[in-house]
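Worksheet: the structure to be examined is printed underneath.
The values are calculated or read from the model by the stated rules, or taken from the named source; none is laboratory data. These numbers come from a predicted model, not from an experiment. Backbone-built Cβ (ideal geometry, glycine too); neighbour counts: all protein chains shown. Heavy atoms of the whole protein, side chains included, go into the accessibility calculation; ligands, DNA and RNA do not. Shrake-Rupley method; radii C 1.70, N 1.55, O 1.52, S 1.80 Å.
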Amino acid sequence: MSRIGRLPVEIPAGVTIDIAEGNTVTVKGPLGTLVENLPAEMDIKIENNEVIVTRPNDLKKMKSLHGLTRTLIANMVTGVTKGYQKVLEINGVGYRAQKQGKKLILSLGYSHPVEMEDPEGLETVLEGQNKITVKGINKQKVGQYAAEIREKRKPEPYKGKGIKYADEVIRRKVGKTGKK
């Protein structure tokens, strides 16, 4: 049995889960609604306020799908109750971020400002000029958009300039040394 897959997902108060045909799971909560098509091979049931995922057989593919399906449902439940957020930091002289409506404008040392539009269902919040928080209910979309922002100027290993995650540690390299 998959150790993750066999754990039940508890349904908190204020959250409703519907399982349609073809394993289309709809999770409604205080922060919004998420719909996901999950692997059709898995058997998803709701029993006494818990979601239980079972697999048909012990093939390697079924074992891996078992844990994945359960985790996706758990992430949906967490998303509609608490939501997800990723914090990015901008380091570097003259590097900064601005917000204009739903547009995020980044000054990253290029000859032009980089403009990014907030995707549907996501929100970026600025703290000062060098801290960006990406918030949303879909874990995958929050992580993807945060990665896209980081991609605009990855942190470099010599001075640490660029956009990094708040919890990311940049391995620094030693620069050139002069001749004696």
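Just to confirm a number: summing +1 for Lys and Arg and -1 for Asp and Glu over residues other than residue 113 whose beta-carbon lies under 13 angstrom from that of residue 113, what do you get? Taking every Cβ under 13 Å from that of residue 113, the sum is +4. Under 18 Å of direct C-alpha separation, and excluding same-chain neighbours fewer than eight residues apart, residue 63 reaches these lysines: 45. Among 162, 78, 136, pick out the residue whose Cα is farthest towards the positive end of the charge dipole of the chain, where Lys and Arg carry +1 and Asp and Glu carry -1 on C-beta, about the Cα centre. Checking the options against the dipole of the chain, the answer is 162. For segment 92-180, the list of chymotrypsin sites (Phe, Trp or Tyr not before Pro) that fall in a loop by DSSP and count at most 13 other C-beta atoms within 10 angstrom reads 110, 158. The residues packed around residue 99, meaning those with a beta-carbon under 15 Å from its beta-carbon, carry a net charge of 0 if Lys and Arg are +1 and Asp and Glu are -1.
Solvent exposure of the chain, expressed per residue, is 62 Å² of accessible area, with all protein chains present and a 1.4 angstrom probe. Using a probe of 1.4 Å, the accessible surface attributed to residue 112 totals some 100 Å² when neighbouring protein chains are kept in position.
What's the longest uninterrupted piece of the chain once you rule out the GluC sites (Glu not before Pro) that are loop residues per DSSP with at most 15 other Cβ within 10 Å? The longest uninterrupted stretch comes out as 42-119. Seen against the Cα atoms of the chain and their longest principal axis, helix 60-81 is set at about 70 degrees. Cα centroid separation, segment 123-162 to segment 18-76: 30 Å.
Fully extending the segment from residue 168 to residue 60, taken as 0.36 nm per residue of separation minus the present Cα-Cα distance, adds 35.5 nm. Surface composition of the chain: carbon plus sulfur atoms hold 49% of the accessible area, using a 1.4 angstrom probe and ignoring ligands, DNA and RNA. From the cross-link list 86/131; 99/131; 154/176, which pairs have alpha carbons spaced over 18 Å apart? Flagged as over cut-off: 154/176. With distances taken between every two different alpha-carbon atoms, segment 107-180 has a Kirkwood hydrodynamic radius of 14.3 Å.
Starting from the Cα gyration tensor of the chain, multiply each eigenvalue by 5, take the square root, and state the resulting semi-axes largest first in whole Å.
40, 21, 12
Taking Cβ atoms as reference points and 12 Å as the exclusive limit, the residues near residue 64 contribute a net charge of +3, counting Lys and Arg as +1 and Asp and Glu as -1.
Computed from the Cβ-Cβ distance with R0 of 41 Å, the FRET efficiency linking residue 105 to residue 3 stands at 0.35.
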